[in-house]
């Protein structure tokens, strides 16, 4: 059975190091020593109860990785096979598992290719937006995405694409903000948004698809957008969210096509018209989930 590929959007940041030839007498540094996890007293970014706000960052040393796959077996949502190279593993979602699981996956690597870095060693720009108290919250997450955006850029040209994208961004922001949606991030041609209730998220998604359809009918064109919705608890740190529920929401969105709203069945209330529930296997997650298509026409 072929191993799954993972999105290039989740390629981890490369570590900062000197390069050969950067200065006379350069020599490859020795491998760093393994260190015990520091106590809470030495971690000012940890809460008094020992809960780390952003405890560690994971990366894979591809020169050491031999493709044993132990990390993927132990933490399939945090690690996956490197796209284009099935003999190497890569980090795809370290926030989807507890710290203990991440450390167990690193320890299980026979060549110590999985490297965990203390947050205190990261640079200030890497910590930006991650400070503040961490808490578990219940939210409904929305992911949107323009389908076939690469082909669309090529067909329209850069100038027309930018004009269309500005209209798209303005329209979507207006509609999800009207339903109380909070923009968490944008991917360039899509949004990650949180809502306080499933009903508000569904109302925003329906309004978005209807606005796109109206513009398509009146102006002759509007991009095809897919939308995914999922209600789940997640860890909130500052203005950002992490956890399994966020990954589930993104994977649910990926199931949709242009003009579709796909939601986990448990998210959509009985007052909404939907397709019959179906079981879907989400990439990187072991348990299937029931999803539906929300009717908006």
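The values are calculated or read from the model by the stated rules, or taken from the named source; none is laboratory data. Remember, predicted model here, so these are calculated numbers, not experimental data. Heads up, the Cβs are rebuilt from the backbone with ideal geometry, glycines too, and the neighbour counts pull from every protein chain shown.
What to note about this one:
- Single condition residue 120 does not satisfy, out of (1) modelled with pLDDT under 95; (2) farther than 30 Å from residue 67 by Cβ; (3) surrounded by 15 or more Cβ atoms within 10 Å (Cβ to Cβ): (3)
- Unmet criterion (only one of (1) buried (at least 19 other Cβ atoms within 10 Å of the Cβ); (2) touching a helix residue (DSSP H, G or I) at 6+ places or on another chain (Cβ under 9 Å); (3) touching a residue at least 60 places away in the same chain (Cβ under 8 Å)) for residue 260: (3)
- Residue under evaluation residue 222, criteria (1) modelled with pLDDT of 95 or more; (2) within 15 Å of the chain's Cα centre (by Cα); (3) assigned to a loop (DSSP other than H, G, I, E, B), criterion not met: (2)
- Segment 158-215, residues that are in a helix (DSSP H, G or I), exposed (fewer than 15 other Cβ atoms within 10 Å of the Cβ) and in contact (Cβ under 8 Å) with a residue 60 or more places away in the chain: 210, 213
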